[in-house]
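Read-outs: derived from the displayed coordinates by stated rules, not from any lab. Small disclaimer: the values here were computed from a predicted structure and weren't measured. Neighbour counts are summed over all protein chains in view; Cβ atoms, including those assigned to glycine, are modelled from backbone coordinates with ideal geometry.
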Amino acid sequence: MAILPILQYPDERLHKVAKRVDQFDESIRKLARDMAETMYAAPGVGLAATQVDKHIRLIVIDVSETHDDLRIFINPELLDSQGQKENEEGCLSVPGIYENVTRAEFITVRAQDENGKTFTLKAEGLLAVCIQHEMDHLQGRVFVEYLSQLKQTRIRAKLKKQRRETL
Ligand code: GNR
Ligand code: NI
């Protein structure tokens with residue numbers, strides 16, 4: 001197991017578009033395990049491969065408080081979305097920033113597990129928010145891009161200051 005470094009916004013590698021996974025071998029399962037360990041250690045409720053500089057369509061999520069409900073989504077596709085809801089979001093690549101984002105309230109997603117087996121899942125609440133947030137990462141999109149240009153500029157300045165102070 002290994003904890004992987006998480007790319008920090010703004011980093012142009014966060015904007016790369018991830019490629020489909022077509023080989024379900026031991027290396028993809030090891031990456032999924034390392035991403036889960038990285039997510040739990042952070043701590044966070046989700047992590048996209050993009051955030052650890054691996055540009056493939058792989059996501060790990062665990063929204064349980066007990067860290068015993070790990071879900072792995074490979075090649076996720078949104079089949080349906082219903083309703084709209086505003087939620088406060090954060091991101092391990094944008095530490096210390098929490099802002100409201102409007103997303104679909106109910107989603108149906110199809111994905112493959114770490115063995116390549118296809119499954120379909122209906123989600124709502126934090127799980128639905130998290131799946132949409134992680135699927136955005138795979139498209140190179142970070143949640144702050146939903147905010148106004150003024151807020152984005154302020155967030156970049158705040159992150160720069162935070163980094164100066166922790167160096
Ligand atoms: O840990 C995380 N919490 C979170 C809270 C609200 C909405 C989305 C998230 S995902 C985030 C981890 C992360 O950055 N995943 O990409
Ligand atoms: Ni994120």
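Being within 11 Å of ligand 1 (Cβ to nearest atom) and touching a residue at least 40 places away in the same chain (Cβ under 8 Å) is the filter here, so list the residues in segment 72-89 that pass it.
Hits for segment 72-89 are Asn87, Glu89.
Of all residues in segment 116-140, which are near ligand 1 (Cβ under 8 Å from one of its atoms) and touching a Lys or Arg at 6+ places or on another chain (Cβ under 9 Å)?
Val129, His133
Look at Ile107 and say whether it is in contact with a strand residue (DSSP E or B) (Cβ under 7 Å, 6 or more places away or on another chain), within 15 Å of ligand 1 (Cβ to nearest atom) and touching a residue at least 40 places away in the same chain (Cβ under 8 Å).
In short, no.
Kindly evaluate Leu7 against the criterion of being among the hydrophobic types (A, V, I, L, M, F, W, C), more than 21 Å from Pro76 (Cα to Cα) and within 15 Å of ligand 2 (Cβ to nearest atom).
yes
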